[in-house]
Amino acid sequence: MPRTRTPVVTGWFAGEGDDFTLLGTRCSACASVFFPREDSHCRNPGCDCGDLAEIPLSRRGRVWSYTDGRYRPPSPYVTDPELPWEPYTLIAVELAAERIVVLGQAVPGVTVADLAVGDEVEVVPGVLHEDGETVWTTWHWRPTGVTA
Ligand SMILES: [Zn+2]
């Protein structure tokens, strides 16, 4: 039986292949961009507007920082407590147009030894976790080969 593909978090990303993007929100007054999306009020302390619209974020950014996770991450990451924890690589990516830093896991197989601050990465669909009925989807960052 085919398993359903379900986003691990609803509304944070959309699309497939080259159309895959993260979804943030942008304040119509001050143009601040939020990811994770902020839908209730602008978090800019100097702005009292409440009009936030969904926008796709830039698909490419630059490595701002990175590390590897040797502990089991907290929610919303879904892990199977029955399985041993597999280390993963976590990248903080600076999106220049939005002026924000977005965290995410690197695609499988990329380790901290493969990364340098300033390298270009792009967002791609990824699988966070699978069980008998569901493939839990997420986003991953993949190096483009353009280095700092
Ligand atoms: Zn604002």
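The values are calculated or read from the model by the stated rules, or taken from the named source; none is laboratory data. Nothing here was measured: the structure is a model prediction, and the numbers come from that model. Please note: Cβ atoms are built from the backbone with ideal geometry, for glycine as well, and neighbour counts cover all protein chains shown.
Considered as a group, the residues in the range 120-142 that are within 11 Å of the chain's Cα centre (by Cα) and among the hydrophobic types (A, V, I, L, M, F, W, C) include one that is surrounded by the most Cβ atoms within 10 Å (Cβ to Cβ), and that residue is TRP141.
Scanning the range 80-111 for residues that are of a type outside the set (Gly, Ala, Ser) and either at positive phi or assigned to a strand (DSSP E or B) (or both) yields a total of 13.
Among the residues of the range 25-78, those identified as within 14 Å of the ligand (Cβ to nearest atom), within 20 Å of the chain's Cα centre (by Cα) and polar (S, T, N, Q) are THR25, SER32. Residue count for the range 97-148, restricted to those that are closer than 30 Å to ARG43 by Cα and without any contact (Cβ under 8 Å) to a residue 24 or more places away in the chain: 2. Might you check whether a residue that is surrounded by 18 or more Cβ atoms within 10 Å (Cβ to Cβ) and closer than 22 Å to GLY11 by Cβ occurs anywhere in the range 107-119? No - not one qualifying residue is present in the range 107-119.
Of all the criteria given as (1) modelled with pLDDT of 95 or more; (2) in a strand (DSSP E or B); (3) surrounded by fewer than 20 Cβ atoms within 10 Å (Cβ to Cβ), the one not satisfied by GLY145 is (2).
Counting only strands (runs of 3 or more DSSP E) wholly contained in the range 1-73, the ones carrying 3 or more residues that are crowded, with 17+ Cβ neighbours inside 10 Å occupy 21-27, 60-69.
Being touching a residue at least 40 places away in the same chain (Cβ under 8 Å), more than 8 Å from the ligand (Cβ to nearest atom) and hydrophobic (A, V, I, L, M, F, W, C) is a property that holds for ALA14.
Exactly one of these conditions fails for VAL101: (1) buried (at least 16 other Cβ atoms within 10 Å of the Cβ); (2) at pLDDT 95 or above; (3) within 13 Å of the chain's Cα centre (by Cα). Give me its number. With respect to (1) buried (at least 16 other Cβ atoms within 10 Å of the Cβ); (2) at pLDDT 95 or above; (3) within 13 Å of the chain's Cα centre (by Cα), VAL101 is out only on (1).
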